[in-house]
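Remarks on the structure that follows.
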């Protein structure tokens with residue numbers, strides 16, 4: 001490879017030669033570069049003059065970072081860190097590699113290079129064999145780093161090019177988390193901090209590194225890492241010799257970190273302290289919650305502990321208000337289904353049920369409905385166990401069975417509070433079902449959830465709880481079963497025709513196969529971390545309680561007969577709804593099968 005001076009001017013010349021910037025803009029950009037360097041030098045001078053505890057050692061700004069700061073736009077879009085790094089990689093003849101934090105081998109990284117060396121050379125090990133070490137570098141023309149690495153690891157060095165921003169971020173998080181865990185392991189004691197506020201402020205990376213409270217550091221790193229990865233849940237699972245950390249992202253679990261066995265109790269105690277649990281109680285399950293600020297918005301974390309064979313398992317569910325408090329159209333309804341659902345919630349009274357397994361988006365749908373209905377003219381009150389996310393849009397109360405305040409008791413109290421709309425977190429027993437029916441009969445709109453597989457099954461479930469048929473047929477407005485399927489990533493979606501085997505497996509008749517000519521699939525990119533999916537969308541089965549269905553219910557028809565009647569009056573099962581998303585290019589055949597199973601509906 002010819003010697004190249006890796007400068008911003010060189011990169012500008014490459015961009016001009018490739019037609020990514022106008023020919024007449026290079027001189028103006030070089031002037032801006034000189035001005036930017038003066039500003040950066042002034043910042044460095046101020047930092048060098050700060051010799052106190054807040055002094056920092058800002059690494060040298062790279063050519064990619066300098067040009068990315070100009071927010072340039074080329075023929076294919078914004079010239080950001082990633083696109084500029086791709087250009088550098090292509091020009092050097094090396095492959096570009098987008099770092100995915102979920103796939104990085106923490107043990108390999110920290111055992112191969114020291115943190116100072118990794119930061120000084122901006123290099124990160126990402127894979128290793130017996131004879132080769134693959135590393136991510138930001139400067140592909142730096143021969144010194146190859147020589148030094150070869151001497152250190154005694155292996156051949158294979159390079160890929162990654163953005164400096166990603167490499168430094170990974171180094172900071174991985175070495176920071178590892179250092180905190182190792183220091184905590186050496187101390188092998190619980191976190192001494194017992195005082196806390198209701199709102200827990202997670203510190204910045206700089207603040208985390210400036211303290212010696214190692215367990216606190218490790219938990220803060222872990223929570224920020226999970227939020228950055230768009231995780232909905234964090235699982236800390238103690239094993240025989242260590243603990244496995246897994247994150248649920250778009251409904252799928254990913255293994256990320258391993259924690260030494262001796263540190264696990266201290267980390268669990270820190271999380272229990274933050275969530276106001278009893279740290280001395282290790283034999284019983286506990287529930288708690290944490291409110292914190294991430295990305296400049298308040299986020300609710302719901303914490304649950306469970307005694308298992310090798311310690312206490314912790315699950316932290318992340319409730320992001322931007323996800324939970326969505327508008328109804330954003331949930332993925334078809335126009336007809338959305339119109340039906342809006343008609344249901346516009347009723348002045350009646351019972352509306354949403355059903356599905358845990359993690360199917362029931363709470364998000366209920367909160368979206370309450371958000372659409374709540375204003376200064378109505379009194380919206382919820383009873384939940386526990387409260388999923390605290391918001392001031394409506395009144396929320398928590399059922400607490402351990403003090404004798406269950407859903408039915410809460411409903412009795414709420415009915416004395418002049419409510420217009422009541423949301424019951426779940427109908428679990430006959431007492432709660434009776435109170436919900438009575439509230440719906442006395443002029444209130446009641447919304448609740450049930451854990452059944454489909455919408456007609458929810459009707460049968462209420463009958464099994466002892467709700468009289470004539471009351472249910474007159475109060476029930478509608479039942480909606482729902483699931484969540486992963487969306488195809490928009491940044492890497494390509495056309496992908498279904499094979500004959502896939503069409504057969506999905507049960508698509510020959511006369512309808514032309515409708516699936518526009519299916520797509522995600523190839524995997526930096527946005528979706530190579531999965532091909534980004535985000536999720538709902539699929540829905542809408543059971544409208546028409547006069548005809550109500551009459552059949554009141555006549556005592558069987559569940560199968562009621563389901564047949566529902567299909568005759570226009571209800572679509574979950575599988576056809578999922579197939580619509582497939583035909584629209586929103587999701588994939590694999591997702592349809594994963595979520596709806598073998599039942600064709």
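Okay, here's what the table says:
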item: Per-selection Rg to Rh, the stretch 320-385 - Cα, Kirkwood hydrodynamic radius; result: 0.94
item: Relative contact order (%) - criterion: Cα under 8 Å, at least six apart; region: the chain; result: 8
item: Cα→Cβ-extended label distance, 7 Å offset, between residue 34 and residue 403, nm; result: 7.1
item: Gained length - residue 17 relative to residue 463, 0.36 nm times residue gap less alpha-carbon distance; result: 153.2 nm
item: 5 Å-binned pair-distance histogram of the stretch 432-508 (Cα, whole percent); result: 3, 12, 17, 15, 11, 7, 7, 9, 8, 8, 3
item: Between helix 8-17 and the chain: long-axis angle, C-alpha atoms, 0 to 90°, nearest 10; result: 70
item: Translational D in µm²/s for the stretch 58-138 (Stokes-Einstein at 4 °C, 1.567 mPa s, Kirkwood Rh from C-alpha pairs); result: 90
item: Of all DSSP beta bridges in the stretch 60-169, antiparallel share, percent nearest 5; result: 50
item: Quotient of C-alpha Rg and 2.2 N^0.38 Å, computed over the stretch 515-595; result: 1.51
item: Two-site FRET efficiency, residue 358 against residue 147, from Cβ-Cβ distance with R₀ of 45 Å, rounded to 0.05; result: 0.25
item: Spin-label model distance (nm) - residue 115 vs residue 131, 7 Å beyond Cα toward Cβ; result: 3.6
item: Using alpha-carbon coordinates, inclination of helix 143-153 to the longest axis of the chain, degrees; result: 70
item: Relative compactness, the stretch 228-312, computed as alpha-carbon Rg over 2.2 N^0.38 Å; result: 1.12
item: Rounded, prolate or oblate (a/c below 1.5 giving rounded, otherwise prolate when a/b exceeds b/c) for the stretch 338-422 by Cα gyration tensor; result: oblate
item: Mean ellipticity per residue at 222 nm, deg cm²/dmol - from DSSP H runs of n ≥ 4 across the chain, formula -39500 (n - 2.57); result: -12000 deg cm²/dmol
item: The stretch 67-188: mean projected area of Cα convex hull, nm²; result: 8.8
item: Cα gyration tensor shape of the stretch 383-457, rounded if a/c is under 1.5, else prolate or oblate by comparing a/b with b/c; result: rounded
item: Nearest 10 degrees, 0 to 90: helix 455-464 Cα axis against the chain principal axis; result: 50
item: Exposure proxy order (Cβ contacts within 10 Å, fewest to most) of 473, 69, 275; result: 69, 473, 275
item: Taking 322, 312, 237 and counting other C-beta atoms within 10 Å, the order from fewest to most; result: 322, 237, 312
item: Residue order, fewest to most beta carbons within 10 Å, for 227, 567, 549; result: 567, 227, 549
item: Rounded to 5, the percent of DSSP beta bridges in the chain classed as antiparallel; result: 65
item: The stretch 276-410 - Rg and Dmax from Cα coordinates, angstrom; result: 17.3, 53
item: Distance in nm between pseudo-label sites at residue 287 and residue 322 (7 Å out along the Cβ direction from Cα); result: 2.8
item: Full-stretch length increase - residue 499, residue 27 - with 0.36 nm per residue and alpha-carbon distance subtracted; result: 164.6 nm
item: Alpha-carbon radius of gyration plus Dmax, which is the widest Cα pair, for the chain in Å; result: 28.4, 87
item: Difference of contour (0.36 nm per residue) and Cα-Cα distance, residue 338 to residue 557; result: 76.0 nm
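Laboratory data are not the source of any read-out in this text; all were calculated from the coordinates shown. If you're wondering where the values come from, they're calculated on a predicted model, not measured in any experiment. So basically every Cβ, Gly included, is an ideal-geometry build from the backbone, and we count neighbours across all protein chains shown.
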